[in-house]
1. Using a cut-off of 26 Å between alpha-carbon atoms, which lysines can reach Lys163, once sequence neighbours fewer than 8 places away in the same chain are excluded?
2. Evaluate the Kirkwood expression for the hydrodynamic radius of segment 93-210, namely the inverse of the mean inverse distance over all pairs of different C-alpha atoms, and round to one decimal in Å.
3. Less than 11 Å Cβ to Cβ from Met214, Lys/Arg counted +1 and Asp/Glu -1: what total charge do the surrounding residues give?
4. Connecting C-alpha atoms closer than 10 Å in a GNM of the chain, tell me which of Gly132, Gly230, Gly183 has the biggest fluctuation.
5. Per q in 0.16, 0.25, 0.27 1/Å, what log10 I(q)/I(0) does a Debye calculation on the alpha-carbon atoms of segment 139-203 return?
6. On average over all directions, what projected area in square nanometres does segment 1-97 have, based on the convex hull of its Cα atoms?
7. Taking the alpha-carbon set of segment 151-263, what are its Rg and Dmax in Å?
8. Could you do me a favour and compute the accessible area per residue for the chain, 1.4 Å probe, result in Å²?
Amino acid sequence: MNLLEQRAYFEQNKTIYESVKLNFRGVDGYDVYNASIPFQWEGRSYIYGRVERREEWARSWVRLFENTGQDEWTLVPDSMVYQLEDPYLSVIGNQLVLGGTHVRYKMGRVDTYYGYFYKGSDIQDMYYFTTGPEGMKDIRLVELADGRIGVFSRPKSEEMRRKYGSTSMIGFDMINSLEELSGEIIENAPYITGLFDEGEWGGCNQAYLLDSGMVGVIGHKCYKWKQEDGEEMKAYTNMSFILDPVKHEATDVKIIGTRSCYPAGPSKKTNLMDCAFTSGIVMREDGKVDLYSGIGDCEVGRITIDYPFEGYGNIVSSQS
């Protein structure tokens, strides 16, 4: 099935147990969206959020928020400010690794962008350590069962569309340590085939080691469609799949959320009304998961769904 058919099947059969928006405090006058997953560090619960004025674009900061109530997050005073977009968080060994997209301006206009990476064990004092390839977003890391680090890439180009039909692919490679992570390694990660049909694109947003040795991936899968007035819309859906890191094969590719699963709300631009940009999942005590997602490029939502990796193993927790 192509993505339109997958979405139609999902909408007819979906089960959403809870659907709410997150509230962010301490940043009045700004939107917070496309956040990291919530994470535990030294006994406290945090989330990184993209902070930006509604009327501005590509002028974001990433800030740290602490959990202060049910679906409530409050800015951590005097925490580091990162000139990044769309933060993501991994735990590798005993270190946090924070990534995000850094936009470069030239003559007052957006010129290009890169993935920047920071690491450290002190959440208030993270160190920059490497940069991804030019023009690539959605680079993600996961610690594997044998101690190596899985690296997900998301190259995107017109040449790729001509060759594969989709404007982006997801690549995957393995390195032995964070010191080996480089733009060249990321750029040359072999592609995972069979994820996208013609005209689709997407990427990995969060990866989880399973106790089976497989990797559970939570990502986004996208396409464009037109309204009756002819305006072209961008549809971003939440998806999941299972990766065998040895065989380099993906299975059980499926949609797990769409914009309609989350509470209604505004969008930064009219063509982003159908946008749910995935963050990732957090396990619940009842065996279900909370799926977090940016919605409309101006808010963050949470839905409770069934565990998407059922039958392939349980998530191996690496949080401190």
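The values are calculated or read from the model by the stated rules, or taken from the named source; none is laboratory data. Predicted model, so just to flag it, every value in this text is computed and none were measured. Methodologically, a virtual Cβ is constructed for each residue, glycine included, from the backbone with ideal geometry; neighbour enumeration extends over all protein chains shown. Calculation scope for accessible area: heavy atoms of the full protein, side chains included, ligands and nucleic acids excluded. Shrake-Rupley method; radii C 1.70, N 1.55, O 1.52, S 1.80 Å.
1. Of all the lysines, those that pass the test against Lys163 - Cα under 26 Å, at least 8 places apart if same chain - are Lys137, Lys221, Lys224, Lys226, Lys234, Lys247, Lys254.
2. Numbers: mean 1/r = 0.0657 Å⁻¹.
Kirkwood radius, segment 93-210: 15.2 Å.
3. So the surrounding residues net to -3.
4. Gly230
5. Scattering profile of segment 139-203, log10 relative to I(0): -0.53, -0.99, -1.09.
6. 9.3 nm²
7. Using the Cα atoms of segment 151-263, the pair Rg, Dmax is 15.4, 52 Å.
8. Averaged over the residues of the chain, the accessible area is 45 Å².
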